[in-house]
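Have a look at the structure below, then the notes.
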Amino acid sequence: MNPELLRIVDGLARDKNIDKETVFEDLEAAMLSAIRKANAQSEDVVVGIDRSSGEIIATVDGQPLAVRELGRIAAQTAKQVMIQRIREAERGSLYEEYLERRGQIVTGRVGRWEGGSLIVDLGRIEAILPKGQQIPGESHLPDERIRAMVLDVREQPNQVKIVLSRTHPDFIISLFELEVPEVAEKIIEIKVIAREAGYRTKVAVLSLDRKIDAVGACVGIRGSRIKSIVDELGGEKIDIVAWNESSKVLIANSLRPAEVAEIALCFELGLATVVVTEDQLSLAIGKRGQNVRLAAKLTGWDINILTPNEFNTGLDVLEKALRRVEGVDSTIVDQVMAMGMVNVLDVEEVGPNPLVNELGLDQAMAQKIIISCAEEAKRVAEQQAAASAAKAAEQAKPAAEEIPQEAPQGAEGQESQPTAEAPPADEQAVAAEAAEQAEPAAEEIPQEAPQGAEDQESQPTAQAPPADEQAEAAQAAEHPAEEPAEPPEAAPPADVGGEIDETRSAG
């Protein structure tokens, strides 16, 4: 009786999620390998484990063998074989488990970042959330709880690779199944999803029970259910759309909150022309065309949004082109418009075959209609190009008129005259400094004149030196030790006056 072995086998089977019989078989294979290594010359080696008592029975050439007598090397061999076999069994178990859970939501914790990809710890195994499957603008902190959908499971030589996703449309379906019981119970069916991950999602739902409102059940009381989903998606907007088998009704529902005035469907082109009023145009198109783009994905139609004026203008041009063809009356015009072709471009793109097959026109008349519409379409395109060019010229004209206002005053009339080049900034600074130093020196000169200078007003006075000489004199006066002052070459006017006074007094 070996209860310890039975307890170990039970623990391994439970922790690794593998079958208990597989663990017993792995133990037998490990011990068989160890005995054969210890008894290389023996060929008849049998090892068995009693599943009820845990007793190990080993024989070599028909003789019983005690496993404890094998030695350390044999025990190490058994250990390595056992670890390898258990890991292979565990890897197979993990692969089968997550292969069944593909498309379902799993919860894990943020582990680490590797080259833009997020490693998520799922407990028994680590999964990868690639950068392309992450919601744009979303950030995660280490050990943060995160939910994602199992997108793919790949079995590799040494591991099982699990790829997660938070951008796949099926991730939205799984969230609705968790938050809305009616969806999980298949009472409400999610028909189709159009999603731009991180920005906006449109979900078309249908109730299989007439007593249950599909949109109201998904939104919840005061938006409680949808709010949980929006929070999980980091604030991504979700529009719940009521599904309808009528394409016109479904298109109108998918463009909400915009109100639709009229819808024309062209089955030959898969085009839906939707007419909305001017005040509803921005709502119908959405931010950067997001609303109409998601509505087109949801409904499977190419949606063209027009105002009533644009719609009526296209119909008038189409009617004019059709009536230009001989034999076309009001009935044919109405039939063409009833096919969803609301302008000449639609008729040109459709071609003559639908006109022949659907309206019963002959091939010659259908061809004439196509040629007339093509000519009109070319003329309309030329008019639109000319209008766009004129509009661009009008927008550029005010900018050209503002250019002369930026010119400096006095610039007019100076175009033919050469302009003197301004001196460098350092020369301007030196000249300004010299002028400032010269001004005090010039103010002090009259105060130093000797008495008697007043009597010489009628006599000629020496011309004052230039400003640069005055500046040099002022600098010399401030720094006498650096450069000794030289005697003046000519006596200043004050000294001349003094000599004349002495002559007069001597006489």
When the range 47-84 is checked residue by residue, the ones that are out of contact with any strand residue (DSSP E or B) (no Cβ under 8 Å at 6 or more places or on another chain), within 17 Å of Leu5 (Cα to Cα) and of a type outside the set (A, V, I, L, M) are Arg51, Ser52, Ser53, Gly54, Arg68, Lys79
Taking Val203 as the residue in question, decide whether it is within 15 Å of Ile240 (Cβ to Cβ), buried (at least 19 other Cβ atoms within 10 Å of the Cβ), at pLDDT 90 or above and touching a Cys at 6+ places or on another chain (Cβ under 6 Å).
no
Among Glu268, Glu326, Glu349, Glu319, the single one that is outside the structural domain of Tyr199 (by TED's automatic domain parsing), part of a helix (DSSP H, G or I), in contact (Cβ under 8 Å) with a residue 40 or more places away in the chain and among the acidic types (Asp, Glu) is Glu349
Of the residues in the range 97-106, those that are in a helix (DSSP H, G or I) and either more than 12 Å from Lys161 (Cα to Cα) or in contact with an Asp or Glu (Cβ under 6 Å, 6 or more places away or on another chain) (or both) number 2
Gly111 fails exactly one of (1) modelled with pLDDT under 80; (2) under 47 Å from the mean Cα position of the chain (by Cα), namely (1)
- Can Ser42 be described as of a type in the set (Ser, Thr, Tyr) and either more than 27 Å from Asp10 (Cβ to Cβ) or touching a residue at least 60 places away in the same chain (Cβ under 8 Å) (or both)? yes
Within the range 307-333, restricting to residues that are charged (D, E, K, R) and closer than 15 Å to Ile371 by Cα, the one that is surrounded by the most Cβ atoms within 10 Å (Cβ to Cβ) is Glu319
Those residues of the range 112-127 that are assigned to a strand (DSSP E or B) and either touching a helix residue (DSSP H, G or I) at 6+ places or on another chain (Cβ under 7 Å) or buried (at least 17 other Cβ atoms within 10 Å of the Cβ) (or both) come to a total of 4
Those residues of the range 270-294 that are among the hydrophobic types (A, V, I, L, M, F, W, C), touching an Asp or Glu at 6+ places or on another chain (Cβ under 9 Å) and under 10 Å from Leu255 (Cα atoms) come to a total of 4
Subset of the range 33-75, residues at negative phi and of a type in the set (Asp, Glu), comes to Glu43, Asp44, Asp50, Glu55, Glu69
Checked against (1) surrounded by fewer than 18 Cβ atoms within 10 Å (Cβ to Cβ); (2) farther than 30 Å from Ile369 by Cα; (3) out of contact with any helix residue (DSSP H, G or I) (no Cβ under 6 Å at 6 or more places or on another chain), Asn244 satisfies every condition except (3)
Val275: passes all of (1) in the same structural domain as Gly351 (by TED's automatic domain parsing); (2) in contact with a Leu (Cβ under 7 Å, 6 or more places away or on another chain); (3) in contact (Cβ under 8 Å) with a residue 60 or more places away in the chain; (4) aliphatic (A, V, I, L, M) but (3)
Does the range 38-46 contain any residue that is assigned to a strand (DSSP E or B) and either out of contact with any helix residue (DSSP H, G or I) (no Cβ under 8 Å at 6 or more places or on another chain) or in the same structural domain as Gly92 (by TED's automatic domain parsing) (or both)?
yes
Among (1) in contact (Cβ under 8 Å) with a residue 24 or more places away in the chain; (2) touching a helix residue (DSSP H, G or I) at 6+ places or on another chain (Cβ under 9 Å); (3) not assigned by TED's automatic domain parsing to the domain that holds Gly216, Ile173 falls short only on (1)
Condition set in contact with a Ser or Thr (Cβ under 9 Å, 6 or more places away or on another chain) and not in a strand (DSSP E or B), scope the range 52-69, selection surrounded by the most Cβ atoms within 10 Å (Cβ to Cβ): answer is Leu65
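The values are calculated or read from the model by the stated rules, or taken from the named source; none is laboratory data. Being a predicted model, the structure only gives us computed values, none of them experimental. Positions of Cβ are backbone-derived with ideal geometry, glycine not excepted, and every protein chain shown enters the neighbour counts.
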